[in-house]
Amino acid sequence: MRIRYLGHAALWVEAGGKRVVFDPFLSGNPNCPVKPEEIEADAILLTHGHEDHLGDALDIARRTGALIVAPVELANWCQANGATRVHGMNHGGSYEFDFGRVKMVPAWHSSSIQRETGPVYAGNPSGYILSAGGVNLYHAGDTALFGDMELIGRRHRIDVAVLPIGDNYTMGPEDAAYAVELLKPRYVIPVHYNTFPVIRQDPQAFARLAEQAGAQCRVLEPGEEWDV
C-alpha cells in the first residue's frame, strides 16, 4: 500500500492498482500541494460532512467517476448534488469493494454541511478500516478519544492508524497517544493539524509520545509518500 498525505486529513492511497482518496479537502487547504483536477481516484471515502473533509469530493467524483463511500445521509446528499455513484454505510457495517474491504466505525464528533439556509444534517461522523493490499489502514476521521478504540484494536489488526492531533475540534497529541495504546497499531500517521492557527501542533512531539505508546510514527509532509 502506498500512502500520500495531501495535508489536513486528506490521504491518497494506492493498493492493487486502485486509488482511494480520504476526505479530499484540497482547493481550500493552504497546505495542499496538489489541485483537485490532478487527482485520479477510483473511490472517495468521506468521514463526515464538514467542509474541511467533504472538500472537493463532488468535483473529483464528477470528473473521474469515482465511487463516493460515506455515511448514508451524506452519501444521499452527494447523490442529490451530482455524484453519480455513491455507497452509503453506517457504523459497524462492512462491504467488499473492488478496491478493498471497508468497515465503517464510530467517531465522536459532529457532522453537517453548511448552506446559506443553515446547516444540513450529514449523518453520523465515522472512521474507516480499509483492508487492501494485505494492509489494514484505520482512518479515524475527526474524533475525540473514546474507549471503544480498544475494541477496534482487538477486533482488527491495525497496521496503520491515521489519527487527528490538532486539538480544539478533535483529540490533541496526548489523547491521540493514548489512542495508540488502545489501538496497538504498527504505525501511526498524525493528521488534522497546522492547517489553521487554532489547531497548531508539533508533530514531532506527538511522534515521541506515540513511540512511547508502542507505535512507529511516520510524520508526513503534505505531498510526501510512504510505502507500507
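Values for this structure:
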| quantity | calculated |
| --- | --- |
| Highest to lowest packing among 92-102, 3-13, scored as the average C-beta count within 10 Å | 3-13, 92-102 |
| Extreme residue, positive dipole direction of the range 1-84, given options Leu74, Cys32, Trp12 (C-beta unit charges) | Trp12 |
| Test item: Cα-centred dipole of the range 120-210, Lys/Arg +1 and Asp/Glu -1 on Cβ, debye | 300 debye |
| Rel. contact order, % - alpha carbon contacts under 8 angstrom, at least six apart, the chain | 18 percent |
| Relative exposure of Ser126, Ser111, judged by other C-beta atoms within 10 Å (fewest first) | Ser111, Ser126 |
| Share antiparallel - DSSP beta bridges, the range 114-167, percent rounded to 5 | 70 percent |
| Glu40 paired with Asp148, simple spin-label distance in nm, labels 7 Å along Cα-to-beta-carbon | 3.8 nm |
| Cβ-placed point charges (K, R +1; D, E -1), dipole of the range 139-192 about Cα centre in debye, nearest 20 | 360 debye |
| Those GluC sites (Glu not before Pro) in the range 1-71 that DSSP places in a loop and that have at most 16 other beta carbons within 10 Å | Glu40 |
| Translational diffusion of the chain, µm² s⁻¹ [Kirkwood Rh, Cα pairs; Stokes-Einstein; 37 °C; 0.692 mPa s] | 192 µm²/s |
| Whole-number Å³ per residue for the convex hull built on Cα positions in the range 1-110 | 97 Å³ |
| Ranked by how many other beta carbons lie within 10 Å on average, peptides 136-143, 150-157 from highest | 136-143, 150-157 |
| Cα lying deepest toward the dipole's positive end in the range 145-217, options Ala176, Pro203, Gly153, charges on Cβ | Gly153 |
| With Cα atoms, 0 to 90° folded angle of helix 203-212 axis to the chain main axis | 60 degrees |
| Spin-label model distance (nm) - Glu174 vs Ala80, 7 Å beyond Cα toward Cβ | 4.2 nm |
| Point-charge dipole on Cβ atoms (K/R +1, D/E -1) for the range 33-121, about Cα centre, debye to 20 | 240 debye |
| Pairwise label distance in nanometres, His156 with Val198, each label 7 Å out on the Cα-Cβ vector | 2.9 nm |
| Dmax and Rg, reported as Rg then Dmax, of the range 160-211 (C-alpha, Å) | 10.0, 30 |
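Computed from the coordinates by the stated procedures, all read-outs in this text should not be read as laboratory data. Computed from a predicted structure; not experimentally measured. Here the Cβ is made from the backbone with ideal geometry for all residues, glycine too, and neighbour counts use every protein chain on show.
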